[in-house]
């Protein structure tokens, strides 16, 4: 039985808004640089364009890869194209926050179908309700730790960062 859904229910809205902002800012920077180049023969803004395009090139896949995450007593689940992927707690290495906007990263020992990490967002309003959202993630961390304590000693010997 599932106990908690950790990620926000409005993940699709977040993705659409964030991608729209990234694409529109990129568009305005490129248009502004071309306008300054043509109208005023200014080249300064052209130096910003490649840096921002590189940022957008890295940000867009990161936003697209954010998943809906839930968990029960022994596994973490996330949605992938209408299907649910299960990751046992023993495959979870660590959960850490990656951005100030509340995007967390679940690092795995062995890669799943989506790679060695699963990214999720706890709330659309994360900076303003961080205590409540951090409590949810800490509860998941506690469940993972409790589950790993029940594993036989031979499985825990390979986890150098885990201490009993």
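What do you get for the angle between helix 130-149 and the principal long axis of the chain? Use alpha-carbon atoms, 0 to 90 degrees, nearest ten. Value to nearest ten degrees: 40.
How far is helix 44-64 tilted, in degrees, relative to the longest principal axis of the Cα atoms in the chain, given as a value from 0 to 90 rounded to the nearest 10? Helix 44-64 sits at roughly 30 degrees to that axis. Label-to-label distance for residue 13 and residue 116 is 3.6 nm, based on points extended 7 Å past Cα in the beta-carbon direction.
For the chain, adding -39500 (n - 2.57) for each run of n ≥ 4 DSSP H residues and dividing by the number of residues yields -15500 deg cm²/dmol at 222 nm.
For the chain, the longest principal axis of the Cα atoms and the long axis of helix 11-40 meet at an angle of about 20 degrees. For the range 121-145 and the range 44-75, write down the distance between their C-alpha centroids in whole Å. Distance between centres, Cα-based: 20 Å. By definition, a body whose alpha carbon gyration tensor gives a ≥ b ≥ c is prolate when a/c is 1.5 or more and a/b is larger than b/c, and the chain fits this prolate description.
Determine the shape class of the range 67-156: with a ≥ b ≥ c the square roots of the Cα gyration tensor eigenvalues, call it rounded for a/c under 1.5, and otherwise prolate if a/b is greater than b/c, oblate otherwise. Each step should come with its number before you reach the end.
Numbers: a/c = 1.97, a/b = 1.36, b/c = 1.45.
Since a/c reaches 1.5 but b/c is at least a/b, the shape of the range 67-156 is classed as oblate.
On full extension, the segment bounded by residue 27 and residue 47 gains 5.7 nm, given 0.36 nm per residue less the C-alpha separation. Antiparallel beta bridges, as assigned by DSSP with both residues in the chain, represent about 90 percent of the total such bridges.
Coordinate-derived values only; no laboratory data. On a predicted model such as this, the values are computed, not experimentally measured, just so you know. With ideal geometry, Cβ positions are generated from the backbone for all residues, glycine too; neighbour counts draw on all protein chains shown.
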